[in-house]
Structure formats: C-alpha cells, structure tokens
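Asks: I'd like to ask some things about the structure below.
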Amino acid sequence: MSNDTSNNDNTTGTTSTIWGGRFEAGPSAIMEEINASIGFDKRLYAQDIRGSRAHAQMLVAQGILTQADGKAITEGLEAVEAEIVAGTFQFSRALEDIHMNVESRLREKIGDAAGRLHTARSRNDQVATDLKLWVRDALDGLDNALKDLQGALIDRAEEHAGTVMPGFTHLQAAQPVTLGHHLLAYVEMLGRDRSRVRDCRVRMNECPLGAAALAGTSFPIDRNATAKALGFEGPTQNSLDSVSDRDFALEYLSVLSILSVHLSRMAEEMVIWASQQFGFIRVSDDFSSGSSIMPQKRNPDASELVRGKAGRVFGALMGLLTVMKGLPLTYGKDMQEDKEPVFDASDTAELCVTAMTGMFKSVTFNVERMKADAGKGFTTATDLADWLVRVLGKPFRDAHHVTGALVKMAEDKGLNLEDLALADMQSVDAGLTDEIFTVLGVDNSVSSRTSLGGTAPANVLAQVAQARERFLK
C-alpha cells in the first residue's frame, strides 16, 4: 500500500500513475511489481468500504461534504461492495491497492463526488484503520473457534472423567491420572489463549481515522464520530503514532504464536498416542492418511501438520518484528509488508484450531490400553510414600527411601507394588500394615487425588461443570 501525503487525492484511474501531477512518467514494470499490494490487500475490501462510509457520513455531518455528495458516495460504495462480493469487480494492479481500486471504481459510478471522499484523510490513516478492523474481526472469529475447541474437549473430559491413564514427566510414566483431567489441561491452555485474544482486542480498539498522513488535518472533522460509527472505544490520541503503529498486528501474531505452541503440544501428544508403541488413540479416517508404499501404515497427518504449521505462524511474527524494528516515525513503505504475514498466520491458526476440534470430537480412546499402561513403571510409588508419611508419621525423605527399596524389590521380583506380599514389604519396614493396599493400584491412586485441581474422577466432573460455566456461557 502506498503512503499518501496529500489530504485530497483526485484520481481518475486512467493515467499511468496515481500520484497526481508530481510525476511525469509512470512506474516501470519492476516498480509496479514491487509496489502493488492489491494481490493480497483486496481482503480488506469490506473494512475499507466500511471505513469510507463512516468517513463520508462524518464529513456530511460536519458540513465538509454536501448531503447530495454524501448520499452518492454511500450508495456508490454499496454498489462497489456488491460487485466485489459477486466476483464481478475487476481489480487493477496499476491502481496499487484496495483503496485506489475502490475509489477509482466509485468515480466511474458517481463521478467527481468520489474524489471528495478522500478529503481530510490519507491512505496512511485509512490502511491503519482497515487493518485494525480486519484484525478485530479476526480476533472475534478466533475466540468463537477456540470456544468450540474447548467445548469438544470438555465433552470428552466428561465422558472420560474416570478413565485412568499414565501421567508423564520427562515422557516417563510418573503417576496415574485420568484422561478427563488430562483433557481439561488443554482447556485451561486455551482459556489463557482466549484471555489474550480479549486483551488484544481491548488494547487495539482505538480508531486512527482522521490522523491523515501524519500531522492531522485542518478540516473540522469529528474523529469521535467516526470512531463510534466503526465500533471503536474512541480515536487514537497522537496522529504520528496513529499512522505508524502496528503494535496491534504484532500482538495479534504474538497471540497466534502462543496459541500455536499449545496446538502443537496437543498435536504432538496425538502423534505419540497414535503410535503402535503407545496405542492410546485411533485418529479417525477423516484426519488420517496412508502410505504410498507401505499398505499397513495409518498416519495421523492432520496432527503432524498442525504441529508443523506452528513454525509458519512463528515466522510471521518474526518477519513483522524485523520489518518494524528500525522504522523511524511515521509511515514507511516497509509497512506494506504487514498484511501478508497477518493474513497467512490468521488463516493458518484458524485452520489448525478447526482441525484440532474435529480430531478431538472424532478420536477413539483405547481405555483398556491406557489403564494397563497407567500401572507400569511403579506409578503408585508416591502414593506409598505419602501413606508412610500420613499414617506412620515418617519424614518424607525417610518415606522416599523406604519406597525406593520397595520399588527395587518389586522390580527384582517382576511384580507391581500392589502385588508384593505384605511380609516381604515388612522386611523393609516393619510398620507397614495391610492398609497399604488401599492406596496402591491405579484406581485407588487417582481416587485419592482430591486436592483442588487434582485428578480424582469426582474432581474432574466438578471441573467439567466449572469449565462449562467459565468458558462456554
């Protein structure tokens, strides 16, 4: 998008340049290629036309435009938008960007009144407004998509509130947990993502329109009116900052990047769980693929792609950070590079959220395999140590030592802890009684974890109810 240092462009769309009388010759083919942004910024058409309508209405209200010109502009913009929606609008690279494409077509439809629309604004404040409106719409859509994903996870968590599985640290079996509890961990991650979405929306919700090229305008405009018409909390307060700010785009990409970390972690677990070595899940046919050479293969490709696309989102953030880091105030043409990473990262993240929602709705959990693996690796050892502290009054470090000796005994005998004979256990610590068996075994273990946020099935059901109230209302 070109910067614009004039407050009143009269562009016919028929000459070789759109820059007015300053230039005698049109741009070279190379300049046109590097300069044009219409190939991607046409996605801003709805926001651009919405901003233009608000601007025109304000100009009429302030007596800067006549009622007749305002009516012609408003009706003409509606007609232009209808053409774009219908797919009949002819976008021109020679006109560089969405703003000039719309304005040129508007002139063809209503004549000279179209040229008055650009009074008291610049493409600098225009594009900042358009992109803010687009990002704001994208944030609203993202919040709804994340809500759907949370809903799918909460439903599956309720279904599997009592399903026992191994919990891991260092990807080593650590303690038994419930699948419902595990799925609710994802819900909390996404809840923080949604909080960042809302914070980002609040912070960006100031309107740059009326800042003009960089210094404001001498026309008696009402920036509060345009801000209100476009759903902003109010206008931006400094015209220099208004046209040079892309913090909102950077913050949006930051939100998407953290979200992509969460989606990638979720996807990675699905890849691991779907492996023959784990066998915890079966990803539905809708989200799997086969091999071109190995007929037995069933690959969780959708999960792998979600995992891989995180890097694409990170790249968008790093790219725009690099573009912005050295720019002096105010506008530089470098800032034309803001839209493609924002659009691409937004599309990518939305697709990944939708894919994860579909996968979690349709995935089949191998409950028997999960429970069998939950008891491997002496995962109830901590329950034994806790019992020694709670019942026998041992210091935890002493209990840890006794438990370690019992684990070694079970390992040597090829048994689980709960399968050891009481007499053998008492050879390590004479204070042990048969009450110890009430805390061993994976079902007993998870049922005992009743602390706030713990994995007990009763807790999970309560957490499910709370999650519905917190996130789905």
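The values are calculated or read from the model by the stated rules, or taken from the named source; none is laboratory data. Here the structure is a predicted model, which is why all the values come from computation and not from measurement. Glycine gets a Cβ as well: all are built from the backbone with ideal geometry, and neighbour counts include every protein chain shown. Each accessible area value is taken on the protein alone, full model and side chains, heavy atoms only, with ligands, DNA and RNA left out. Shrake-Rupley method; radii C 1.70, N 1.55, O 1.52, S 1.80 Å.
Asks: Does Val353 satisfy the criteria of being hydrophobic (A, V, I, L, M, F, W, C), under 30 Å from Val187 (Cα atoms) and in contact (Cβ under 8 Å) with a residue 60 or more places away in the chain?
Replies: For Val353, the condition - hydrophobic (A, V, I, L, M, F, W, C), under 30 Å from Val187 (Cα atoms) and in contact (Cβ under 8 Å) with a residue 60 or more places away in the chain - is met.
Asks: For region 91-176, which helices (runs of 4 or more DSSP H) that fit wholly inside it have 2 or more residues that are crowded, with 22+ Cβ neighbours inside 10 Å and in contact (Cβ under 8 Å) with a residue 24 or more places away in the chain?
Replies: Answer list for region 91-176: 98-110, 123-159.
Asks: Going by the structure shown, is Met270 of a type in the set (A, V, I, L, M, F, W, C) and in contact with a Phe, Trp or Tyr (Cβ under 8 Å, 6 or more places away or on another chain)?
Replies: no
Asks: Let me ask you something else. Restricting region 296-351 to residues that are open to solvent by less than 30 Å² (accessible area, probe 1.4 Å), among the polar types (S, T, N, Q) and part of a helix (DSSP H, G or I), which is farthest from Phe248 (Cα to Cα)?
Replies: Ser303
Asks: Would you pick out the residues in region 27-45 that are in contact with a helix residue (DSSP H, G or I) (Cβ under 7 Å, 6 or more places away or on another chain), assigned to a helix (DSSP H, G or I) and not β-branched (Val, Ile, Thr)?
Replies: Selection gives Glu32, Phe40, Asp41, Lys42, Arg43, Leu44, Tyr45.
Asks: Sticking with this structure for a sec: Within 17 Å of Val177 (Cα to Cα) and surrounded by fewer than 18 Cβ atoms within 10 Å (Cβ to Cβ): which single residue out of Ala421, Ala465, Ala372 fits that description?
Replies: The match here is Ala372.
Asks: Which pairs have Cβ atoms under 8 Å, sit 6 or more apart or on different chains, and link a residue in region 425-444 that is of a type in the set (Val, Ile, Thr) to one that is modelled with pLDDT under 90 and not in a helix (DSSP H, G or I)?
Replies: Taking only residues 6 or more apart or on different chains, the pairs are Val439/Thr380; Val442/Gly375; Val442/Thr379; Val442/Thr380.
Asks: For Leu440, state whether it is within 26 Å of Met165 (Cβ to Cβ) and part of a loop (DSSP other than H, G, I, E, B).
Replies: The answer is yes for Leu440.
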